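A.B. asks: I'd like to ask you about the structure that follows.
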Amino acid sequence: MSVSVDIQHCIKYNLCNCGSDSGFTDIYRYKVADCEDGTRIIFVDCRQELESFRNTLVYSVGVSLLGFLAVFMLVLFWSKKIFKPVAESYAKQKRFITDASHEIKTPLTIIDANTEVIEMVNGESEWTKNTRDQVKRLTALTNQMVALSRLDENPEPKEKAKFDLSDVAYEVIDHFSSLSEVRGKKISADIEDGIKYVGDENSIRQLISILVDNAMKYAVESADISISLKRDGRKVKFVLKNLTDGMEEGSQDILFERFYRPDSSRNSETGGSGIGLSLAKSIVESHKGRITARCDGDGYITFQVTL
């Protein structure tokens, strides 16, 4: 239905100054037309068309939401069915690692004790020394597997308390100082004093030990190992940098994958197991932090921990 109104009606609807000769106002569509006797505005009642559009829009949105909900429920239902064997397998794997690690500890303790008795009777030999070295290696590996499994089951730190992170870093570095001299490597530490941190002190100590030990094993001979601990706003940054070989330039985050070893022969000589850096990553993530590894073009690899 169309109606014609005079210029006064036009002023009432504020159409003369709108800058357009056609459009919508409320439920009416209008058009301004110039006639011989003046300006006329023609209105068309679009109530029915607008209601039809609104109803169609509401129905479309409703049907879309129902369809999305139905698909979501189907995906949720079938995903549980599909991933249930995977979840069970992963749970069994974690249980196996924990149980096997505990079972391995007992024979390792017995072997170590028997070796000590043999050394007391016959004296230390190359064979007994090698046996004890391998026992230590397996014991360390077992402890790392148990710690990693526990972090998988409960990623939150066991005990959170405020401690001096600077003192912990100094203590760990001092522990490796004699070993660095024996291996002809130099540790350069730049530790900011008085850095306080709230977390699991034992886990953080283990984290720093893993990174320093990794550098001691894989840094090239006579290399400098640079370590820094600084405040960065509300965060704390621990950076370890050393010269290495056989690494491609760019991100090396694959090093944090479990049992990943870039050079098997070299790892065999140094005693690497491929678990240490995985454990380091789990410790960092349990403290809501981030750890990265990057190899520069000059052959240096940098580990950066942000807590």
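A.B. asks: Do you know which of the residues in segment 40-97 that are of a type in the set (Gly, Ala, Ser) and more than 30 Å from GLY23 (Cα to Cα) is surrounded by the most Cβ atoms within 10 Å (Cβ to Cβ)?
C.D. replies: Of segment 40-97, the ones of a type in the set (Gly, Ala, Ser) are 52, 60, 62, 64, 67, 70, 79, 87, 89, 91.
With more than 30 Å from GLY23 (Cα to Cα) added as a condition, the list becomes 64, 67, 70, 79, 87, 89, 91.
Details: SER64: 10, GLY67: 10, ALA70: 10, SER79: 10, ALA87: 10, SER89: 10, ALA91: 12.
Within segment 40-97, the match that is surrounded by the most Cβ atoms within 10 Å (Cβ to Cβ) is ALA91.
A.B. asks: Here is a further query. Here is a check on your reading of the model: is LYS237 of a type in the set (Lys, Arg), touching a strand residue (DSSP E or B) at 6+ places or on another chain (Cβ under 8 Å) and touching a residue at least 60 places away in the same chain (Cβ under 8 Å)? Spell out how you get there, then give the answer.
C.D. replies: Numbers: of a type in the set (Lys, Arg): yes; touching a strand residue (DSSP E or B) at 6+ places or on another chain (Cβ under 8 Å): yes; touching a residue at least 60 places away in the same chain (Cβ under 8 Å): yes.
Against the criterion (of a type in the set (Lys, Arg), touching a strand residue (DSSP E or B) at 6+ places or on another chain (Cβ under 8 Å) and touching a residue at least 60 places away in the same chain (Cβ under 8 Å)), LYS237 qualifies.
A.B. asks: Hey, among the residues in segment 162-205 that are modelled with pLDDT of 85 or more and surrounded by fewer than 11 Cβ atoms within 10 Å (Cβ to Cβ), which one's farthest from LYS235 (Cα to Cα)?
C.D. replies: ASP190
A.B. asks: While we're on this one: How do the strands (runs of 3 or more DSSP E) wholly within segment 1-60 filter down when requiring 3 or more residues that are at pLDDT below 70: which remain?
C.D. replies: Details: elements: 2-5, 22-25, 28-35, 38-45.
Per the criteria, 2-5.
A.B. asks: Follow-up question, since we're still on this one. Of the residues in segment 118-149, how many are within 30 Å of SER282 (Cα to Cα) and either among the β-branched types (Val, Ile, Thr) or assigned by TED's automatic domain parsing to the domain that holds PHE256 (or both)? Steps first, please.
C.D. replies: Residues of segment 118-149 that are within 30 Å of SER282 (Cα to Cα), as a first pass: 132-149.
Next, only the ones that are either among the β-branched types (Val, Ile, Thr) or assigned by TED's automatic domain parsing to the domain that holds PHE256 (or both) stay: 135, 139, 142, 146.
Adding up the residues that qualify gives 4.
A.B. asks: Mind checking which pairs have a first residue in segment 35-62 that is among the small types (Gly, Ala, Ser) and a second that is modelled with pLDDT under 85, Cβ under 7 Å, 6 or more apart or different chains?
C.D. replies: GLY38/ILE7
A.B. asks: Identify, please: which residue in segment 267-297 is more than 19 Å from MET145 (Cβ to Cβ) and among the charged types (D, E, K, R) and is, among those, modelled with the highest pLDDT? Write out each step before concluding.
C.D. replies: Initially, segment 267-297 is screened for residues more than 19 Å from MET145 (Cβ to Cβ), giving 269, 287-297.
If we keep only those that are among the charged types (D, E, K, R) as well, we get 269, 288, 290, 294, 296.
Details: GLU269: 54, LYS288: 87, ARG290: 90, ARG294: 86, ASP296: 79.
Going through the qualifying residues, I end up with ARG290.
A.B. asks: Does ILE301 satisfy the criteria of being at pLDDT 85 or above, in the same structural domain as PHE176 (by TED's automatic domain parsing) and in contact with a Cys (Cβ under 6 Å, 6 or more places away or on another chain)? Walk me through it before giving the result.
C.D. replies: On the way: at pLDDT 85 or above: yes; in the same structural domain as PHE176 (by TED's automatic domain parsing): yes; in contact with a Cys (Cβ under 6 Å, 6 or more places away or on another chain): yes.
So ILE301 passes the test.
A.B. asks: Moving on to the next point. Mind listing just one residue for me: the one in segment 278-294 that is in a strand (DSSP E or B) and over 11 Å from the mean Cα position of the chain (by Cα) and, of those, surrounded by the most Cβ atoms within 10 Å (Cβ to Cβ)?
C.D. replies: If we filter segment 278-294 for residues that are in a strand (DSSP E or B), which is where we start, we get 290-294.
Next, only the ones that are over 11 Å from the mean Cα position of the chain (by Cα) stay: 293-294.
On the way: ALA293: 21, ARG294: 16.
Going through the qualifying residues, I end up with ALA293.
The values are calculated or read from the model by the stated rules, or taken from the named source; none is laboratory data. Source: prediction; values computed, not measured. Cβ: placed from backbone, ideal geometry, glycine included. Neighbour counts: every protein chain shown.
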